[in-house]
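Down below is the structure, laid out as structure tokens.
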Amino acid sequence: MIQLYGTGFGLYAPVSADGLTRMALTVTATVGGVPAQVLFAGQAPGYTPGWQQIDILIPANAPVGPGIPVV
């Protein structure tokens, strides 16, 4: 799994029952061109409001090596 952090990923949905604030729209990702599962996309828990986090599960069949693009 990799975690990406930043700002400007988009708008939030209302706070969910588990207390987390997720992105309003569906977030998708690829690793080396292979579709990857997004485990979480929303406000980074415990950080400054506006700091966003995306957790991506690296697919078993993703290419390996330096410079693999994550989109």
So what are the three principal axis dimensions of the chain from its Cα atoms, in whole Å, longest to shortest? 36, 20, 18
Check F40: other-chain or 5+ apart residues with amide H under 5 Å from its amide H, H built from backbone geometry? D55
Once neighbouring chains are kept in place and the probe is 1.4 Å, which whole percent of the accessible area of the chain is contributed by carbon and sulfur? 63
Amide hydrogen neighbours beyond the local backbone of W51, cut-off 5 Å, H modeled: A44
Hz values of 3J(HN,Hα) by residue in segment 52-62 - Karplus curve (6.51, -1.76, 1.60), Gly and Pro given as x: 10, 9, 10, 9, 10, 7, 6, x, 4, 9, 6
How large is the accessible surface per residue of the chain, computed with a 1.4 Å probe and reported in Å² as a whole number? 65
What ³J(HN,Hα) values, in whole Hz, does the Karplus curve 6.51 cos²θ - 1.76 cosθ + 1.60 give for segment 42-51 when θ = phi - 60°, with x put for Gly and Pro? x, 5, 5, x, x, 10, 4, x, x, 7
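From Cα pairs below 8 angstrom and at least 6 apart in sequence, can you work out the relative contact order of the chain, rounded to a whole percent? Spell out each step's value before the answer.
Values: 134 pairs, mean separation 25.2, N = 71.
Result for the chain is 36 percent.
The values are calculated or read from the model by the stated rules, or taken from the named source; none is laboratory data. Remember, predicted model here, so these are calculated numbers, not experimental data. Heads up: the accessible areas ignore ligands, DNA and RNA and are worked out on the full protein's heavy atoms, side chains in. Shrake-Rupley method; radii C 1.70, N 1.55, O 1.52, S 1.80 Å.
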